[in-house]
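Structure, as structure tokens:
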Amino acid sequence: MSSLIEDYALLSDLETAAMLGRDGSVDWLCLPRFDSPACLAALLGTADNGFWRIAPRGTSGPCTRRGYRRDTLVLDTEWETDSGSVRVTDFMPPRAQFPCLVRIVEGVTGTVTVRSELRLRFHQGRVVPWTRSDAERCQVAVAGPDAVWLGTDGPAADLGEDGTTVADFTVAAGRRLALTLAWTPSHRTGAPGALCVPADTALKETRDFWRHWAAQCRYQGPWRDAVMRSLITLKALTYAPTGGIVAAPTTSLPERIGGERNWDHRFCWLRDSAFTLSCLLRSGYREEAGAWLGWLVRAVAGDPAHLQTVYGVGGQRLLPETEAPWLSGYEGSTPVRFGTAAPGRGALGVQGEIGEIMATLCLSLRAGIEVPPHVWSLVKSLMGHLQAHWHEPDQGLWQTRGPARQFVHSKVMAWVAADRALALGALLGAEVPDGWRVMRDQVRAQVCRQGWHGGLRSFVQAYGSERLDASALLLPALGFLPAGDPRMRDTVHALGALEHDGFLRRHTPDDGEEGTSVACSLWYADALAALGETGRARDAFERVLAIRNDVGLLAAQWDPAAGRQLGNAPLAFSHVALIGTAFALRDAPPPFR
């Protein structure tokens, strides 16, 4: 059985990621990319679907303690046993050629017998590979296009009948040995070079890489550690070759245990574009911001009618959604999905995506980031399409899989698109069509008239609806209305009705089972700070900080009743929101006494 979602730590080489539990088991690993099929998938099934556990022999529970080394993605996990204590150091070196995962075992006190158990299952935890010994202390498992190598400078591993590779070794205080898992294409002959690199050399290079990167952070404030961990997480979710940032490294971790809202988040969503870019720029990471912009412009190139909500890490558009009935799901939550049906939207739903693109382009240009020379042609093409379709319904910010509606947030994003397109024209010295300004004013008037509910004294989720939606908290940040506008003040107070044990739901629940959203809880803190209610805002922020797991990671949602994280993890959207709130509160005036 997999661990709690909050029991998992993240490892990454900036092209893929592993999820490592407090029991020392890697239960999720996709090779060679974030969106590749998993070769360790116990997270979504059972041990038979693949895992790699290193822990004192005879133990099955969590470690004694663990933590990332400061300003790195190097994880130390320690166990104390009756015979002594042992430390396992896990990391994924930033990729040179092929991905690898290094696990260094070190005796701390006494003498401890440690067991390594590796059960590889390719093609999403389904296929048992053919495993053979290739050389002394080296094994290779092959199935289809994949080959995974296991090398060790300790005792050779034995292969069991069920395809599990097992190695037992005893470590005394001061003794160190390493195990390295590396992927190559199966047609390539010979072991990968990563198996020849001394583990201590790889460790030093990985540690130095992360610390050098972290040193660029411009945030200085009371929540520096939380901000730095969130920034490192955001970097870890970046696909280095293209600059794309995946929403999460996992798929099908449920928003409700036993429910069906199990989505694949190993792709790049346009809805996160402007907030992500702003977060990177404010924190001092211009190179990453420029890479993200480059990914965005390449991904959306083409006919605006074919604009999508989500793209692959390389900008690919075809992300077919399939189900994996051989996986029992996280705590029985099925179906397990790979890929996403979200892209297939035709002409509907362009408001939010075009608004995000325009906001991102405008922010980039104002920050002095070089934009492609054809950007104005892109702007004109997108705006022409939006002018023809902004009045159509869509699925809104939360991508509901029901009937299309006139969502307020989507209309606001249509206004953002026109507003930022006008600003881009001014920045570029380009001639701006008169229709853009007319459209911007029309959209704003319509939202203020049809999106406002006089009885509730709040902006609502959709025209004609009485449902509240936390996306209304973004109106000041998007520039649609100032925070001090009476309608915004009333909306913020009305949205307090979405609060549940100190955290905010995304919207009024249909069945009372809607969980609370980490990002929405942070937007609420931002809105309170903008209203001058700094004390309440800080309290809301501190509540979110308190629900991070022991290594500082956040999933998509929080279940206050069960006291546990839900949804895919770690979620970039949650960590971007955390960074934004830390900046907002750092710069906010002190609460009135």
- line: The correct count of residues that are of a type in the set (A, V, I, L, M) and farther than 29 Å from Gly45 by Cβ in the range 233-254 is 1
message: Can you tell me which condition Leu361 does not meet? The list is (1) in a loop (DSSP other than H, G, I, E, B); (2) under 26 Å from the mean Cα position of the chain (by Cα), and all the others hold.
response: (1)
Filter result for Asp510 (outside any strand (DSSP E or B), of a type in the set (Asp, Glu) and buried (at least 23 other Cβ atoms within 10 Å of the Cβ)): no
Given (1) touching a helix residue (DSSP H, G or I) at 6+ places or on another chain (Cβ under 6 Å); (2) more than 21 Å from Trp558 (Cβ to Cβ), number of the condition Cys520 does not satisfy: (2)
message: When the residues of the range 208-256 are narrowed to those that are buried (at least 18 other Cβ atoms within 10 Å of the Cβ) and small (Gly, Ala, Ser), which ends up farthest from the chain's Cα centre (by Cα)?
response: Ala226
statement: When (1) without any contact (Cβ under 8 Å) to a residue 24 or more places away in the chain; (2) touching a strand residue (DSSP E or B) at 6+ places or on another chain (Cβ under 8 Å) are applied to Gly190, the one that fails is (2)
- request: Scan (1) crowded, with 24+ Cβ neighbours inside 10 Å; (2) without any contact (Cβ under 8 Å) to a residue 24 or more places away in the chain; (3) not small (Gly, Ala, Ser) for the single condition His306 breaks and write down its number.
  value: (1)
- request: Grab the strands (runs of 3 or more DSSP E) fully contained in the range 1-84, keeping just those with 1 or more residues being of a type in the set (Phe, Trp, Tyr) and not assigned by TED's automatic domain parsing to the domain that holds Glu321.
  value: 25-30, 51-56, 65-68, 75-81
- request: All but one of (1) at pLDDT below 95; (2) of a type outside the set (Ser, Thr, Tyr); (3) outside any loop (DSSP other than H, G, I, E, B) hold for Gln308, so report the exception by its number.
  value: (3)
message: For Phe541, only one of the following conditions fails: (1) more than 18 Å from Pro254 (Cβ to Cβ); (2) outside any helix (DSSP H, G or I). What is its number?
response: (2)
field: Qualifying residue in the range 320-343 (condition: assigned to a helix (DSSP H, G or I), within 25 Å of Pro249 (Cβ to Cβ) and assigned by TED's automatic domain parsing to the domain that holds Thr242)
entry: no
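Quick grid of which residues meet (1) assigned to a strand (DSSP E or B); (2) touching a residue at least 40 places away in the same chain (Cβ under 8 Å); (3) of a type outside the set (D, E, K, R):
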site: Arg437; (1), (2), (3): no, no, no
site: Arg440; (1), (2), (3): no, no, no
site: Arg444; (1), (2), (3): no, no, no
site: Cys448; (1), (2), (3): no, no, yes
site: Arg467; (1), (2), (3): no, yes, no
site: Leu473; (1), (2), (3): no, yes, yes
site: Pro482; (1), (2), (3): no, no, yes
site: Arg487; (1), (2), (3): no, no, no
site: Thr491; (1), (2), (3): no, no, yes
message: For the range 13-24, which positions are closer than 26 Å to Pro185 by Cα and surrounded by 24 or more Cβ atoms within 10 Å (Cβ to Cβ)?
response: Thr16, Ala17, Ala18, Met19, Leu20
task: Hey, could you check the range 402-420 for residues that are of a type in the set (Gly, Ala, Ser) and in a helix (DSSP H, G or I) and say which is nearest to Thr360 (Cα to Cα)?
output: Ala417
task: Would you tally the residues in the range 422-460 being touching an Asp or Glu at 6+ places or on another chain (Cβ under 7 Å) and within 18 Å of Thr491 (Cβ to Cβ)?
output: 5
message: With the structure loaded, tell me whether Leu101 is over 30 Å from Gly244 (Cα atoms) and surrounded by 18 or more Cβ atoms within 10 Å (Cβ to Cβ) or whether it fails that test.
response: no
message: Given the options Ser230, Ser283, Ser252, name the one that is in the same structural domain as Gly384 (by TED's automatic domain parsing), at pLDDT 95 or above, polar (S, T, N, Q) and touching a Phe, Trp or Tyr at 6+ places or on another chain (Cβ under 6 Å).
response: Ser283
task: Only residues in the range 365-382 that are surrounded by 18 or more Cβ atoms within 10 Å (Cβ to Cβ) count as the first member; pair them with residues that are in a loop (DSSP other than H, G, I, E, B), Cβ under 6 angstrom, at least 6 apart or cross-chain, and list the lot.
output: Leu365/Val371; Trp376/Ala430
query: Within the range 155-173, is there a residue that is under 21 Å from Gln97 (Cβ atoms) and loosely packed, with under 13 Cβ neighbours inside 10 Å?
result: no
- prompt: So Leu280 clears everything in (1) closer than 30 Å to Gly332 by Cα; (2) surrounded by 24 or more Cβ atoms within 10 Å (Cβ to Cβ); (3) of a type in the set (A, V, I, L, M, F, W, C) except one condition, right? Which one?
  reply: (1)
query: Within the range 422-431, is there a residue that is under 26 Å from Asp469 (Cβ atoms) and either part of a helix (DSSP H, G or I) or not hydrophobic (A, V, I, L, M, F, W, C) (or both)?
result: no
query: Out of all the residues in the range 482-507, which are small (Gly, Ala, Ser) and closer than 30 Å to Gln565 by Cα?
result: Ala494, Gly496, Ala497, Gly502
- request: Would you point out the residue of the range 26-37, among those that are closer than 24 Å to Asp76 by Cα and touching a helix residue (DSSP H, G or I) at 6+ places or on another chain (Cβ under 7 Å), that is surrounded by the most Cβ atoms within 10 Å (Cβ to Cβ)?
  value: Trp28
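The values are calculated or read from the model by the stated rules, or taken from the named source; none is laboratory data. What you see is a predicted model, and the numbers here were worked out from it, not measured in a lab. Ideal geometry is used to build each Cβ from the backbone, glycine not excepted, and the neighbour counts take in all protein chains shown.
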